[in-house]
Amino acid sequence: MQNKFGKAIKMTNQGALIIISGFSGAGKGTLVNKLISEHDRFALSISMTTRNPREGEVNGREYFFVSKEEFEKTIAEDGLLEHACYVGNYYGTPKAYVKEQMQKGKDVILEIEVQGALQIKEKYPDAILMFVTPPSIEELNRRLHGRGTESEEVIEKRLTRAKEEVHLIEKYDYIVVNDHLDSCVQNVISYIDAAKMMPLRQVDFVELLKEELSKL
Ligand code: 5GP
């Protein structure tokens with residue numbers, strides 16, 4: 001973009017902080033994997049957790065698996081953007097990687113549960129919060145049972161959690177209906193692009209416009 005003096009006026013270069021939460025069974029993992037693997041503009045934050053690795057999980061890939069002491073030390077050193085306790089374990093987002101990637105211009109995705117998402121919204125009002133849901137509860141139920149890997153008790157726990165989470169959806173910026181994966185990915189990208197053009201996320205650009213106009 002050019003101003004009257006031929007000098008380029010740049011929109012903000014800094015990447016955005018993208019929060020993705022949603023009901024268990026909504027397909028968040030698949031959605032995030034597709035966003036990351038097919039679009040270079042995104043970076044994925046790797047969380048720290050005190051829960052034990054599941055079969056096939058690798059330290060530093062799915063999570064940084066740490067002891068409770070190490071986790072608490074990181075909190076004390078102000079090394080986490082947010083953290084929460086979920087089903088008896090700590091989960092948190094290491095600060096350094098997120099900041100570094102955002103400065104490089106990457107949109108950083110945090111796949112986190114609702115308590116952490118709301119902490120981020122408090123601390124970073126320009127974060128973009130998305131809540132992923134299947135098109136209906138009937139479909140959610142079908143997907144949870146369709147996995148075939150979880151006991152009825154675990155499914156019940158996830159549905160109980162969904163009943164709590166549903167009351168917090170209104171605090172999010174966008175609802176992402178995960179019906180067909182490809183269109184869902186396209187929708188997420190459109191929402192992010194639109195959100196980035198809100199004046200709240202273009203503060204420097206707006207200030208520059210004001211400054212240039214004041215000189216005329
Ligand atoms: P799981 O143990 O199934 O991998 O994750 C349990 C829940 O913790 C999921 O809802 C996941 O999104 C959430 N989670 C993963 N990492 C973080 C994190 O860094 N912070 C918060 N607040 N939640 C997280």
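The values are calculated or read from the model by the stated rules, or taken from the named source; none is laboratory data. Keep in mind that what you see is a predicted model, and the values were worked out from it rather than measured. Note that we place each Cβ from the backbone using ideal geometry, even for glycine, and neighbour counts take in every protein chain shown. With ligands, DNA and RNA removed, areas are computed over all heavy atoms of the protein, side chains included. Shrake-Rupley method; radii C 1.70, N 1.55, O 1.52, S 1.80 Å.
Fully extending the segment from L168 to D78, taken as 0.36 nm per residue of separation minus the present Cα-Cα distance, adds 29.8 nm.
The mean of 1/r over all distinct Cα pairs in the stretch 44-86, once inverted, gives the Kirkwood hydrodynamic radius of 11.0 Å. In the stretch 79-216, the inverse of the mean reciprocal separation of distinct Cα atoms equals 17.7 Å; this is its Kirkwood hydrodynamic radius. Within the straight-line cut-off of under 19 Å between alpha carbons, the aspartates and glutamates reachable from K95 are E62, E69, E70, E72, E77, D78, E82, D107, E111, E113, E122, D126, sequence neighbours fewer than 8 places apart in one chain being disregarded. Return the FRET efficiency for the residue pair E153, E55: r is the Cβ-Cβ distance, R0 is 25 Å, and the value is rounded to the nearest 0.05. In this case the efficiency is close to 0.80.
Counting only lysines at least 8 places from K163 when in the same chain, those with an alpha carbon closer than 19 Å to its own are K28, K171. Annotation for E207 and F64: the two label points, set 7 Å from Cα along the Cα-Cβ direction, are 3.1 nm apart.
What percentage of the solvent-accessible surface of the stretch 72-216, computed with a 1.4 Å probe over protein heavy atoms, is contributed by carbon and sulfur atoms? Ligands and nucleic acids excluded, carbon and sulfur reach 55 percent. Remark: the stretch 23-99 is approximated by an ellipsoid whose semi-axes, taken from the C-alpha gyration tensor as √(5λ), come to 22, 16, 12 Å, largest first. With only Cα atoms counted, the stretch 136-216 has Rg and Dmax values of 20.6, 69 Å.
The magnitude of the dipole of the stretch 1-123, with charges of +1 and -1 set on the Cβ of Lys/Arg and Asp/Glu and taken from the Cα centre, is near 720 debye.
What Kirkwood radius, in Å to one decimal, follows from the Cα pairs of the stretch 54-125? In the stretch 54-125 this quantity evaluates to 13.3 Å. For the residue pairs K157/K196; K121/K157; K34/K157, alpha carbon separations beyond 32 Å are given by K157/K196.
Protein heavy-atom accessible surface, 1.4 Å probe, per residue over the stretch 40-125: 56 Å².
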